[in-house]
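Here's the structure, in structure tokens; my notes come after.
Bear in mind these aren't lab numbers, they're just calculated from the coordinates by the rules spelled out. Every value quoted in this text rests on a predicted model; they were computed, and no experiment measured them. Because the Cβ atoms are built from the backbone with ideal geometry, glycine has one as well, and the counts that use them run over all protein chains shown.
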Amino acid sequence: MTPVSYKFFIKQGDITRANVDAIVNAANSRLAGGGGVDGAIHRAAGPKLLQACQKIVAEKGYLPPGEAVITPGFNLPAKYVIHTVGPIWHGGQGREKMVLDQAYASCLDLAKTYGIKTIAFPAISCGTYGFPMQLAIPIAINRCIKALKQELVQEIYFYLYSRENYELWTKIAEKLIEKIT
């Protein structure tokens with residue numbers, strides 16, 4: 001684990017094993033599970049997670065990009081899973097950056113509402129949805145630093161599965177945080 005600041009950490013590993021109050025799922029609008037981190041979270045949490053997600057969709061409809069909902073963590077170490085839908089990358093000419101920022105903000109707002117002190121994020125939209133990692137990192141980090149300053153949560157973790165992504169996040173985060181502090 002690489003501490004980037006005393007409350008902000010970047011870790012290489014499996015988010016489903018994170019020992020935090022809540023993990024964030026980079027979900028699809030149907031909250032139906034899928035590939036990547038979404039599928040891994042659903043598999044680790046067990047079938048009750050899908051049932052809870054189906055109930056939310058039945059009551060509220062599909063989850064729009066930038067918004068978030070919360071479910072129990074079921075078989076996960078985390079008490080909660082916050083599901084958010086990030087933007088699909090279409091070249092950056094649309095509202096992708098704004099929607100990605102809103103996805104992080106929605107998760108952090110829910111964390112505050114539910115008294116969540118520690119939260120772990122994946123790289124939202126950077127897998128199947130194709131958001132360029134180099135553009136997503138500053139959006140994520142800036143939003144999370146604001147949340148820490150506003151005391152919405154006490155600790156934020158980013159879990160990156162591959163060594164390459166972990167190193168990229170660490171490198172960019174250190175430069176950003178150096179400018180801020």
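How high is the relative contact order of the chain, given as a whole-number percent (alpha carbon pairs under 8 Å, six or more residues apart)?
After rounding, I find 29 percent.
Calculated FRET efficiency, Arg17 and Glu151, Cβ-Cβ r, R0 22 Å, to nearest 0.05? Walk me through the numbers on the way to the answer.
Details: r = 27 Å, r/R0 = 1.21.
E between Arg17 and Glu151, to the nearest 0.05, is 0.25.
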Toy charge model, Lys and Arg Cβ at +1, Asp and Glu Cβ at -1: the stretch 24-119 dipole around Cα centroid in debye, rounded to 20, equals 240
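Classify the stretch 1-84 from the C-alpha gyration tensor, please: rounded if a/c falls under 1.5, else prolate or oblate depending on whether a/b exceeds b/c.
Prolate.
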Divide by every residue of the chain the summed helix terms, -39500 (n - 2.57) for each DSSP H run of at least 4, and state the resulting mean residue ellipticity at 222 nm, rounded to the nearest 500 deg cm²/dmol. -14000 deg cm²/dmol
Could you give the length gained on full extension between Lys79 and Ile177, defined as 0.36 nm per residue of separation minus the Cα-Cα distance, in nm? 32.4 nm
Could you check the spin-label model distance between Ile88 and Ser29? Points 7 Å from the Cα along Cα→Cβ, value in nm. 0.8
If you take the square roots of the eigenvalues of the alpha-carbon gyration tensor of the stretch 83-181 and sort them as a ≥ b ≥ c, do you get rounded (a/c under 1.5), prolate (a/b over b/c) or oblate? oblate
Given unit charges at Cβ for Lys, Arg (+) and Asp, Glu (-), the dipole magnitude of the chain about its Cα centre in debye, nearest 20, is 160
If you count the DSSP beta bridges with both ends in the chain, what percent of them are antiparallel, to the nearest 5? 35
Pairs over 26 Å Cα to Cα, from Lys7/Lys48; Lys117/Lys146; Lys149/Lys179; Lys48/Lys97; Lys55/Lys97; Lys11/Lys112, come to Lys7/Lys48; Lys48/Lys97; Lys55/Lys97
Tensor-based shape of the stretch 69-111 (alpha-carbon gyration tensor, a/c under 1.5 rounded, otherwise prolate or oblate): prolate
Place +1 on the Cβ of every Lys and Arg and -1 on the Cβ of every Asp and Glu in the stretch 2-180, take the dipole about the Cα centre, and give the residue among Ser29, Pro132, Leu176 whose Cα lies farthest towards its positive end. Ser29
